[in-house]
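Accompanying notes for the structure given below.
Values in this text are rule-based calculations from the coordinates and carry no lab data. Just so it is clear, the structure is predicted and the values come from calculations on it, not from any experiment.
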């Protein structure tokens, strides 16, 4: 589940906007970036930010890093990577927390955690100047998600992933509203 559901949701968001172009925010380009090597030093995300640091792709970029969306009781926005000394974007944090409240999603973590172990791809994005947070719905105890015997498809519930999809679309709408204000 870590993070197959996140990758699948990224593809579903792209499919949604392709099938519903009228819902696509104006002056927006959505890039679905699926990187590898997170566990061995965030190499995929770092390579992406290095590759595009000067070509304009990262200008006014907002990154929603989607991790595992598996545990309905643990919808959360990861706001900080303590091991990497990186605080993620407060605007995106607010947008996610508002969205959880609007959609009636309650979380045992109160919708907010620090990255519990290792690193996450929001770190290189943030360090490159991109507004970024990580969105997850997973029990934050490492034994429940970090490639252990608990990280199994049996935890998957269609409703949880559906709620994750709704959260992402609503946050994209909020980003659009924020950009229009600027």
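Data for the structure
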| quantity | calculated |
| --- | --- |
| Most mobile of 92, 169, 57 in a GNM of the chain (Cα contacts under 10 Å) | 57 |
| Gaussian network model of the chain, Cα within-10 Å springs - most flexible of 29, 43, 94 | 29 |
| The chain: most fluctuating residue of 164, 36, 104 per GNM, C-alpha cutoff 10 Å | 104 |
| Residue-averaged 222 nm ellipticity for the chain, from DSSP H runs of 4+ at -39500 (n - 2.57), nearest 500 | -12500 deg cm²/dmol |
| For the chain, share of DSSP beta bridges that run antiparallel, in % to the nearest 5 | 40 |
| Listed candidates [x] -0.63, -0.83, -1.20; [y] -0.65, -0.89, -1.34; [z] -0.44, -0.73, -1.61 - label of the one calculated as log10 I(q)/I(0) by the Debye sum over Cα atoms at q = 0.11, 0.14, 0.20 Å⁻¹ | [z] |
| Alpha-carbon centroid distance for the pair the range 1-26 / the range 104-182, whole angstrom | 15 |
